[in-house]
Amino acid sequence: MTGANCAIRGTFFDLIDDPWKHAGHEQEAARFIQDGLLVVKYGIIEDFGPFAEVSQRHSGLQVTHLPNRLILPGFIDGHIHFPQVRVLGAYGAQLLDWLQTWIFPEELKYRDRDYAATAARYFFDALLAGGTTTCLAFTTSSPVSTEEFFEEATRRNMRVIAGLTGIDRFAPEDFLITPADFYSQSKELIARYHRQGRNLYAITPRFAVGCTAEMMDSCRRLKQEHSDCWVNTHISENPSEIRSAREHFPDCTDYTHVHEKHGLLGPKFTAGHGIWLSSDEMRRFSKAGAAIAFCPLSNLFLGSGLFRLGRAKDPEYPVRLSVGSDVGGGNAFSIVRVLEEAYKVGMCNNTMLDGSVNPRDQDLAEADRNKLSPYRAFYLATLGGANSLYLDDMLGNFDKGKEADFVVLDWMAGQAAMSWHQSLAVEGDGPETMEQAAQLLFGIMTTGDDRNVAETWVAGSRAYQKAGA
Ligand code: GUN
Ligand code: ZN
């Protein structure tokens, strides 16, 4: 990988393990270094630790000091739609209507190279302004959109995963792609972009409602022939969608079975939403090593439902999880805002756990697992997201050898500046203990947004700096 050299001094917070495995002792899963030094060579972390120790091991470093900031690994968005950057906030429809009314007509415009190229610039600018350095993205059924996505990501040297998005039914005729074209165009795109620079390719059946069995067969063949590629899709998002998928694949016992039957459920498979998956389906995800992207902004905006976070984190059958903005079903790019909504979903799940209200097969042990502490939240946005994508050997925290993507948070910006959490961060010194840092992060995630992102660094280079920061 190519990247820059840098040495960053400041206050660092990252996760080194899954905090759900350390219930009651979540600090064991985190690392806090009040005065730390991160040494980066060619975009890779060469050294990391307390400034007093690390600076001794290196001579002649040009150190960039970032005081009054919390430095975290770059955020990972596990589910986002590049061609929806211009349609956030469309009023009043649920999933299937919303797709037909707003989304397919907009995505059709991405056959035009200039339209797609301009959007790609907006898209990556918006990601970086929110502190997101990696995403798993949908494009459209036109290869032009996929090319422009990867070209812009390449210019920015960002670690991204995306792929041509297959749909051969349930959309206007000119938006559909045949299974044969999808297969051959995906192969061309894989040859051109997969593992070129930091680009990775995802075979992308949009969702079972929009894919015939022939399209799913094309995906199966692609995965067999390119087993190193990722798979990205949607699953069990909305009750009408699920009914339609069940009618469309009558020989499948449930929605997950569609992907099992076509050889896709396994490592490097991510499905967005998964709100209405049964406990049995979640267990099958867990056993297969497949992942769900939890997209609370979108799940609430489109009225799709409350994801059963605590169930997905069943210690016997834990499902790999990321968080996703799902722009434009999600109404913001900001992962900080995604975490805020994720927290609220967990809280509502616990109200629903009152058995008199909720007929779902939840058990009370889920209640604690639904609670999104700052350790858990920022785990999902960093190391957990990396783990869900099988990228935790290269991303997710400040371990040596990993890629140096990071976000620099300002606790004094935006609404968070007014919060009582401020008293934890003494001006000039910042948080002094891990617990103070975690509480400050909780304040940022529940009252903050992109205004709290002062800078975003990609492969050792500053890729975004907030005006005036
Ligand atoms: N299911 C199929 N396509 C989409 C999409 O674009 N957004 C969401 N949220 N769900 C989908
Ligand atoms: Zn989506």
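Here's a check for you: in the stretch 166-191, which residue that is more than 23 Å from residue 109 (Cβ to Cβ) and over 24 Å from the mean Cα position of the chain (by Cα) is farthest from ligand 1 (Cβ to nearest atom)?
The first filter runs over the stretch 166-191 and keeps only residues more than 23 Å from residue 109 (Cβ to Cβ), leaving 179-180, 183-184, 187, 190-191.
Among the residues that remain, those that are also over 24 Å from the mean Cα position of the chain (by Cα) are: 179-180, 183-184, 187, 191.
Numbers: 179: 17, 180: 22, 183: 20, 184: 23, 187: 23, 191: 26 Å.
Within the stretch 166-191, the match that is farthest from ligand 1 (Cβ to nearest atom) is 191.
When the residues of the stretch 265-307 are narrowed to those that are in contact (Cβ under 8 Å) with a residue 60 or more places away in the chain and more than 15 Å from ligand 1 (Cβ to nearest atom), which ends up farthest from residue 19 (Cα to Cα)?
278
Here are 396, 328: which of them is buried (at least 18 other Cβ atoms within 10 Å of the Cβ), modelled with pLDDT of 95 or more and within 16 Å of ligand 2 (Cβ to nearest atom)?
328
Take the stretch 11-31 and flag every residue that is open to solvent by 10 Å² or more (accessible area, probe 1.4 Å), more than 13 Å from residue 399 (Cα to Cα), modelled with pLDDT of 95 or more and not polar (S, T, N, Q).
18, 20, 21, 22, 25, 26, 28
Looking at 99, 164, 127, which is the one that is within 14 Å of ligand 2 (Cβ to nearest atom) and within 27 Å of residue 236 (Cα to Cα)?
Just a single option satisfies the conditions, and that option is 99.
Looking at 92, 36 in this structure, which one is in a strand (DSSP E or B), of a type in the set (Gly, Ala, Ser) and farther than 28 Å from residue 321 by Cα? Spell out how you get there, then give the answer.
Details: 92 fails: in a strand (DSSP E or B).
None of the others qualify; the one that does is 36.
Okay, residues lined up against (1) within 16 Å of ligand 2 (Cβ to nearest atom); (2) β-branched (Val, Ile, Thr):
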{"position": "205", "(1), (2)": "yes, no"}
{"position": "209", "(1), (2)": "yes, yes"}
{"position": "243", "(1), (2)": "no, no"}
{"position": "249", "(1), (2)": "no, no"}
{"position": "253", "(1), (2)": "no, yes"}
{"position": "270", "(1), (2)": "yes, yes"}
{"position": "290", "(1), (2)": "no, no"}
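Identify the single condition in (1) crowded, with 24+ Cβ neighbours inside 10 Å; (2) in contact with a His (Cβ under 9 Å, 6 or more places away or on another chain) that residue 204 does not satisfy, given that it satisfies every other one.
Of (1) crowded, with 24+ Cβ neighbours inside 10 Å; (2) in contact with a His (Cβ under 9 Å, 6 or more places away or on another chain), only one is false for residue 204: (2).
What pairs come out if I take residues in the stretch 407-420 that are on the phi > 0 side of the Ramachandran plot and in contact (Cβ under 8 Å) with a residue 12 or more places away in the chain and pair them with residues that are assigned to a helix (DSSP H, G or I) and open to solvent by less than 20 Å² (accessible area, probe 1.4 Å) whose C-beta lies under 7 Å away, six or more apart or interchain?
From residues that are on the phi > 0 side of the Ramachandran plot and in contact (Cβ under 8 Å) with a residue 12 or more places away in the chain, the pairs are 414/452.
Does any residue of the stretch 165-184 turn out to be open to solvent by 10 Å² or more (accessible area, probe 1.4 Å), in contact (Cβ under 8 Å) with a residue 40 or more places away in the chain and in contact with a strand residue (DSSP E or B) (Cβ under 6 Å, 6 or more places away or on another chain)?
no
Within the stretch 128-135, is even one residue touching a Lys or Arg at 6+ places or on another chain (Cβ under 6 Å) and at pLDDT 95 or above?
Yes: one or more hits.
Residue by residue through the stretch 43-89, note down the ones that are open to solvent by less than 10 Å² (accessible area, probe 1.4 Å) and small (Gly, Ala, Ser).
43, 49, 74, 78, listed by residue number.
For the stretch 48-85, what are the residues that are more than 16 Å from ligand 2 (Cβ to nearest atom), in a strand (DSSP E or B) and within 17 Å of residue 397 (Cβ to Cβ)? Steps first, please.
Here is the first cut: in the stretch 48-85, the residues more than 16 Å from ligand 2 (Cβ to nearest atom) are 48-75.
With the extra rule that they be in a strand (DSSP E or B), the set shrinks to 48-50, 63-73, 75.
The answer is 48, 49, 50, 70, 71, 72, 73, 75.
With the condition kept exactly as written, say whether any residue in the stretch 113-126 is open to solvent by 10 Å² or more (accessible area, probe 1.4 Å), aromatic (Phe, Trp, Tyr) and not in a helix (DSSP H, G or I).
To start, the set of residues in the stretch 113-126 that are open to solvent by 10 Å² or more (accessible area, probe 1.4 Å) comprises 113-115, 117-118, 121-122, 125-126.
Among the residues that remain, those that are also aromatic (Phe, Trp, Tyr) are: 115, 122.
In the following step, the residues that additionally are not in a helix (DSSP H, G or I) were identified as none.
Within the stretch 113-126, none of the residues are open to solvent by 10 Å² or more (accessible area, probe 1.4 Å), aromatic (Phe, Trp, Tyr) and not in a helix (DSSP H, G or I).
The values are calculated or read from the model by the stated rules, or taken from the named source; none is laboratory data. All of these numbers come straight from a predicted model, not from anything done at the bench. Neighbour counts are summed over all protein chains in view; Cβ atoms, including those assigned to glycine, are modelled from backbone coordinates with ideal geometry. Side chains are part of the model used for accessible areas, which takes the heavy atoms of the whole protein and leaves out ligands, DNA and RNA. Shrake-Rupley method; radii C 1.70, N 1.55, O 1.52, S 1.80 Å.
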